[in-house]
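A quick write-up on the structure given underneath.
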Amino acid sequence: MLRFGLGYTYREGFLTDPYKLADQRPDQRREWTMSGGYRQFFLNANAALHADYRYFDDDWGVRSHTLDLAWHQNLGATTQLIPYLRYYTQGEADFFSNQVDFGSRYYADDYRLSSFGAITLGLSLRKELGNWALSVAGERYQTDESWGLYSGEESPGLVDYWRYTFGLDYKFR
């Protein structure tokens with residue numbers, strides 16, 4: 001199965017984070033996305049490959065690429081083991097800087113607007129129990145300015161973390 005999508009988002013209003021006192025961002029933002037996906041089921045392995053790509057561009061100067069790969073391995077009729085890998089890279093916003101510049105019209109030191117690359121490696125287990133589904137997952141997220149495709153000013157605010165999740169879903173029939 002192949003999937004393709006295009007998106008456009010227009011935002012207007014207060015787009016500065018209130019907890020960032022020195023930030024002064026534009027009050028408009030235009031965002032464009034292009035995405036694609038591929039799904040292939042392998043009968044002999046009783047598993048499916050999921051591959052997804054997304055390109056993002058906006059009028060703030062941010063450009064990003066995201067590549068997701070996942071292997072959905074069926075373990076019997078009601079259990080799935082899903083290892084996955086995600087690569088993300090973005091270029092910094094035109095007004096990103098680690099140094100406060102009160103002379104500039106726009107300024108932000110928010111690491112989420114900086115240039116960086118990130119890798120996520122995870123494993124999820126899902127078990128269906130009638131109308132219920134139980135899921136547990138763990139993932140490692142790491143960032144580094146040098147892992148990105150775009151150059152820019154390195155932000156000291158880049159984060160690395162482990163994340164663990166537990167979910168319980170109910171399906172109405």
message = Quick check on segment 70-121: of everything there that is charged (D, E, K, R) and in contact with a Phe, Trp or Tyr (Cβ under 9 Å, 6 or more places away or on another chain), which residue is surrounded by the fewest Cβ atoms within 10 Å (Cβ to Cβ)?
response = Arg105
inquiry  = Could you go through segment 16-25 and let me know if any residue there is under 22 Å from the mean Cα position of the chain (by Cα), of a type outside the set (Ser, Thr, Tyr) and either part of a strand (DSSP E or B) or modelled with pLDDT of 95 or more (or both).
reply    = no
query = So which of Asp101, Asp68, Asp110, Asp94 ends up being among the charged types (D, E, K, R) and in contact with a His (Cβ under 9 Å, 6 or more places away or on another chain)?
reply = Asp68
ask   = Just a yes or no: is a residue in segment 46-53 in contact with a Leu (Cβ under 9 Å, 6 or more places away or on another chain), part of a strand (DSSP E or B), within 22 Å of Val136 (Cβ to Cβ) and among the acidic types (Asp, Glu)?
value = no
task = Assess whether Tyr10 counts as being under 24 Å from Tyr111 (Cα atoms) and either of a type in the set (D, E, K, R) or exposed (fewer than 13 other Cβ atoms within 10 Å of the Cβ) (or both).
result = yes
inquiry  = Pull out all pairs, ordered by first then second residue, where Cβ-Cβ is under 8 Å, the residues are six or more apart or on different chains, the first lies in segment 38-51 and is at positive phi, and the second is assigned to a strand (DSSP E or B) and modelled with pLDDT of 95 or more.
reply    = Asn46/Gln73; Asn46/Asn74
task = Scan Trp60, Trp32 and give me the residue that is under 21 Å from Leu113 (Cβ atoms), surrounded by 16 or more Cβ atoms within 10 Å (Cβ to Cβ) and in contact with a Leu (Cβ under 9 Å, 6 or more places away or on another chain).
result = Trp60
Conditions (1) assigned to a strand (DSSP E or B); (2) in contact with an Asp or Glu (Cβ under 9 Å, 6 or more places away or on another chain); (3) in contact (Cβ under 8 Å) with a residue 24 or more places away in the chain; (4) surrounded by fewer than 16 Cβ atoms within 10 Å (Cβ to Cβ); number of the one not met by Leu67 = (3)
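The values are calculated or read from the model by the stated rules, or taken from the named source; none is laboratory data. Quick caveat: nothing in here was measured; it's all calculated off a predicted structure. As a convention, Cβ positions derive from the backbone with ideal geometry for all residues, glycine included, and neighbour counts pool all protein chains shown.
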